[in-house]
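**Student:** Sending over a structure as structure tokens; questions will come in a sec.
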Amino acid sequence: MRLVLLYTLLVITMCVWGFNVIAIKVLVTTFPTLTITTLRVFIAFLSILPFILIKKSWKRMSKRDGLFLLGISLTTILGHQFFMSVGLNHTSAVNGGLILGTVPIVTSVAAAIFLQEKFNIHKVIGILFGFVGVVIIMLAGSRYTLSINLGDLLFICTVIVQAIGFVFVKKISDNIDILLITGVSQLLGSMMLFGLSQGLEPDGLSALDTGTWKIWLIFIFSSVVATGIGHFLYNVAIRELGAGKSAIFLNLTPFFSILGSYLFLNESIEPGHWIGLSCVIIGVLFGSETLNRLVNFEKV
């Protein structure tokens, strides 16, 4: 796959994921948190199931690959969705987005340690610019104040489990089809989430009839587009680029979250947001080594 196409798909995915933070915020404040999260992940699985069946992706896997697949379900699905959804009930999207902005740093370090991915000066510069950009964007959105609460701590857990999950995906992506990795992890993750929701929200299913058709459109976007297709595309990127380099693009999601807040929640965009965006773009160019390729007239 040509890098320019892959990078374009990654940017689109980051845009979708940025808007998805707002969508999840709306959903968890309308419905029982774990119940709607379970349904969202299960619908995401159903959205890519036809492609798995058509492609006939299933094959017998080794015990090692099966354990890593279980690990992906526990981290990128159960852990990530649980901590993020519950965290949004206890903190603002601003604080949550800032903490999520550290995912590239944690993932790149984890990839360097466990996958022996190169950790060169370009990635270091990209991570630094990206993180500075995220900080500026989020501080501008919170009027340059920041507090730590239960929700922030839950988002820190989100970062940790997501970075671990990305490493697991890279570990088995050469042996197992990406569609299968995405689909099976979402199926197993939704089953685990359902067990939690039944224990913590026993009346959750009966409360799902309170949403309007607009809320359910938001649900479809979040489940099918962001969680289903979005996770598949990002897993493809991990296979092609590696966990560390793909994670650099996650620095773009906070800006799209801010933009979504402006478009859908009528929140204002501060000058600091544009300064932060500039830093993020520079960070992505350095971290993905696109800038180096352009300077040396290499194909991207």
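**Student:** Quick one: would you say I269 is open to solvent by less than 50 Å² (accessible area, probe 1.4 Å) and not in a helix (DSSP H, G or I)?
**Tutor:** Answer is yes for this residue.
**Student:** Right, another one. Identify, by number, the condition in (1) among the small types (G, A, S); (2) under 21 Å from the mean Cα position of the chain (by Cα); (3) within 29 Å of K123 (Cα to Cα) that G272 doesn't meet.
**Tutor:** G272 satisfies all of (1) among the small types (G, A, S); (2) under 21 Å from the mean Cα position of the chain (by Cα); (3) within 29 Å of K123 (Cα to Cα) except (2).
**Student:** When you scan the range 198-248, how many residues do you find that are over 20 Å from R2 (Cβ atoms) and not in a helix (DSSP H, G or I)?
**Tutor:** 6
**Student:** Also: Out of the residues in the range 142-165 that are part of a helix (DSSP H, G or I) and open to solvent by 90 Å² or more (accessible area, probe 1.4 Å), which is modelled with the highest pLDDT?
**Tutor:** My answer is L153.
**Student:** OK, next. Report, by residue number, each residue of the range 66-87 that is buried (at least 23 other Cβ atoms within 10 Å of the Cβ) and aliphatic (A, V, I, L, M).
**Tutor:** Of everything in the range 66-87, those that are buried (at least 23 other Cβ atoms within 10 Å of the Cβ) and aliphatic (A, V, I, L, M) turn out to be I72, I77, L78, M84.
**Student:** A further question follows. Just for helices (runs of 4 or more DSSP H) wholly inside the range 31-137: which have at least 1 residues that are under 30 Å from G276 (Cα atoms) and among the β-branched types (V, I, T)? Outline the logic, then answer.
**Tutor:** Numbers: elements: 33-55, 63-72, 80-87, 93-100, 103-114.
Answer list for the range 31-137: 80-87, 93-100, 103-114.
**Student:** Among all residue pairs at least 6 apart or on different chains, which show Cβ distances below 6 Å where the first residue, located in the range 166-195, is over 10 Å from I48 (Cβ atoms) and outside any helix (DSSP H, G or I) and the second is of a type in the set (D, E, K, R) and open to solvent by less than 50 Å² (accessible area, probe 1.4 Å)?
**Tutor:** That search, which allows pairs on different chains as well, returns N175/D65; I176/D65.
The values are calculated or read from the model by the stated rules, or taken from the named source; none is laboratory data. Please read all numbers here as calculations on a predicted model, not as lab measurements. A quick note on method: Cβ atoms are made from the backbone with ideal geometry, for glycine too, and the neighbour counts reach across all protein chains shown. Heavy atoms of the whole protein, side chains included, go into the accessibility calculation; ligands, DNA and RNA do not. Shrake-Rupley method; radii C 1.70, N 1.55, O 1.52, S 1.80 Å.
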